[in-house]
Amino acid sequence: MVVCGDDGLARRLATELRDVYRERVTLVVPAGSHAPHEAVGRWTVRSLGLHGRVPGSRQAGRPSPEFAGSRDLRVVEAAEPDEDALVVAGVAGAAALALVYEDDDTNVRAALVARRLNPRLRLVIRLYNRKLGQHLEELLDQAAVVAEPGIDLSELDSSTTVLSDADTTAPALAASAIAGTSKVIQADGLLLRAVERTPPGRGQVADPGLCTLALLSATAADPAGSEGSDRSGDQGPQLLPDDRSVAAATGRGIVALEAMTHAGPAAPGRRLTAASLPVASLFSRRLRWSLAGIVAAVTGLAVASWLTTGDHPLHAAYITLLDIFAINDPAVDEAPERKTLQILAGFVGLLLLPVLVAAALEGLGAFRSATALRRPPRGLSGHVVLLGLGKIGARVLARLRELEIPVVCVESDPEARGIALARRMRVPVVLGDVTEEGVLEAARIHRAHALLALTSADTTNLEAALYARGVRPDLRVVMRLYEDDFATAVYRTLRAAHPAALTRSRSVTHLAAPAFAGAMMGQQILGAIPVERRVLLFAALDVAGHPQLEGRTVAESFRPGSWRVIALDTASPEERLPDLSSTPSEAAAPHARLVWDLHPGYVLKAQDRVVLAATRRGLAELLGRRNVHASGS
């Protein structure tokens, strides 16, 4: 396995492949990337061979001597993933390559070179650009045909998977900041909803719903406890417990599977919005009422003229408009009723003039402010304050708006990636450094429901959380933190200082790495659900070739703490969808079927495809090395 990257995701992914899947890994990093906070798992920077190096002392692409004979991990320093670097990394004989640079162009160029070096290579590419990702797979398949004419792509164990760490982690980050919002995994028309539940009373067990996916930490309410730490032993979170463990875990919260329903295309709503009624966004409510009143007055005068003069209704309306705009002859020789109506029409015309001027000014002001950032309304409350509009923040903002959650953004860089998205969605944005006094107050933090700190700097997120807690002690806080030990210390400190408030920490690389690692192993990872600082994976898997599943009943295939069959794809192999995580078309019938509709005694057959909930180690054990090429990369 070869991993190429320039940030923490590459190091976390290398750890995942080595520790969980027991693969031999080559890590390609830029020369001199030896920042202490970028240590991989339990290895220090020194153990990775990156400590104390002088950039430029060796040629780019030359393998590190410390790992020249290592069977588990070696590091190659290269300024960029060019052909020389990929050759030294062993891409020509590798089973899979992950390109996780932050720059999309770098990943695309390296993917084309890698496909030429090894047409049978499994590629996992990190891309932020969704449109580019949709067409990249076809492009790389064509590149494989060019590199090896006559190759049959359908018979290869190669594939191209395009993933985004922002898209992978955005639902989990958004769900962490919203009370009652479930974590959802989609699998061909099935929505797997996971929710946190607390026991109804002391010494009681929480309602398991359809099944219990995880037990939360017994120390979650203890200021001395550490949220999601693997060092907590039996007191820490337990993934996929058996019924006996759940029954014995009285007083502990759980993550339960709440519902599984068909996710067909949503019918378009008929609710009128500002987008369908531009008048509502251009003119104020008071002005619209004034215009409505004048229209009613004109209609009334036209009807009165029609009834009193006996003219045709259209002619009566025409005469009334001429009177309103003062372009009709005076009704000197007309009947008294006609004179009265003309005077009233002139009075309505006087009222119409200032209303038209106000409408013109309001419309001009609306067009001028359409490109400007909105300010938080004075009466706003119950909203989410989103700190940081980079790649991750922009995706989380889009997710929150899909859920119709009110958001106020805080960003120090006016050229940040998510500023244009916030402007397009008409989301209020406060421009300023969150560490400066008054910035969070401008975002109405004292009336907010939650703070979601998603900048790339752990210290900035922590400082914002501490300041927000000083303004409102019971505020829900979710921070993006990279380092596990630092996150544990922060959690303990904030829990001790504010025991009644909810504090959560999430690592983007920790949430995204399992999906990238699973794709490198050739498995279709449908999604990941965070359980405190651990991750539960959902994957689609063919039963054939797995003795732990084939020929066993659904109940017998369940291994506590490792994996559990959640659903079964009942479609025939030739009719199965290649991507279960996509939404089926409107005409397509859902193929998946609830395990509980079948019966726990259902025997899994070789031709079946199942949806599994699994831990990372459990999935690695289930896969074994069946997807690794003979080269043993």
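The table for this structure:
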| item | result |
| --- | --- |
| For Pro514: the one exception among (1) in a helix (DSSP H, G or I); (2) surrounded by fewer than 24 Cβ atoms within 10 Å (Cβ to Cβ) | (2) |
| Any chance Leu380 is surrounded by 21 or more Cβ atoms within 10 Å (Cβ to Cβ), more than 13 Å from Ala174 (Cα to Cα), of a type outside the set (Ser, Thr, Tyr) and touching a residue at least 40 places away in the same chain (Cβ under 8 Å) | no |
| Within region 393-408, tally of residues that are touching an Asp or Glu at 6+ places or on another chain (Cβ under 9 Å) and open to solvent by less than 10 Å² (accessible area, probe 1.4 Å) | 1 |
| Any pair with Cβ under 7 angstrom, 6 or more apart, that starts in region 470-486 at a residue that is within 19 Å of Val439 (Cβ to Cβ) and ends at one that is open to solvent by 40 Å² or more (accessible area, probe 1.4 Å) and in a helix (DSSP H, G or I) | Val471/His446; Arg472/His446 |
| Residue under evaluation Leu462, criteria (1) in a loop (DSSP other than H, G, I, E, B); (2) under 18 Å from Ser176 (Cα atoms), criterion not met | (1) |
| Filter pass, Asp579 being of a type in the set (Asp, Glu), open to solvent by less than 50 Å² (accessible area, probe 1.4 Å) and modelled with pLDDT under 80 | no |
| Test for Ala416: is it surrounded by 15 or more Cβ atoms within 10 Å (Cβ to Cβ), under 26 Å from Tyr128 (Cα atoms) and touching an Asp or Glu at 6+ places or on another chain (Cβ under 9 Å) | no |
| Qualifying positions in region 477-501 - of a type outside the set (D, E, K, R) and buried (at least 20 other Cβ atoms within 10 Å of the Cβ) | Val477, Val478, Met479, Leu481, Tyr482, Ala487, Thr488, Val490, Tyr491, Leu494 |
| Residue within region 493-502 that is within 30 Å of Ala614 (Cβ to Cβ) and either modelled with pLDDT of 80 or more or of a type in the set (A, V, I, L, M, F, W, C) (or both) present | yes |
| Near pairs, Cβ below 8 angstrom, 6+ apart or cross-chain, from region 201-215 (of a type in the set (D, E, K, R)) to any residue that is in a strand (DSSP E or B) | Asp207/Arg197; Asp207/Ala256 |
| Matching option when the condition is of a type in the set (Asp, Glu) and either under 15 Å from Ala614 (Cβ atoms) or within 27 Å of the chain's Cα centre (by Cα) (or both), among Glu532, Glu550 | Glu532 |
| Residue, modelled with the lowest pLDDT, within region 611-633, restricted to residues that are closer than 19 Å to Pro560 by Cβ and out of contact with any strand residue (DSSP E or B) (no Cβ under 7 Å at 6 or more places or on another chain) | Leu623 |
| Some residue of region 234-242 being closer than 29 Å to Ala555 by Cα, at pLDDT below 80 and surrounded by fewer than 19 Cβ atoms within 10 Å (Cβ to Cβ) | yes |
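The values are calculated or read from the model by the stated rules, or taken from the named source; none is laboratory data. The model shown is predicted, which means the values in this text are computed figures rather than measured ones. All Cβ positions, glycine included, derive from the backbone under ideal geometry; neighbour counts span all protein chains shown. Ligands, DNA and RNA are excluded from the accessible area calculation, which covers all protein heavy atoms including side chains. Shrake-Rupley method; radii C 1.70, N 1.55, O 1.52, S 1.80 Å.
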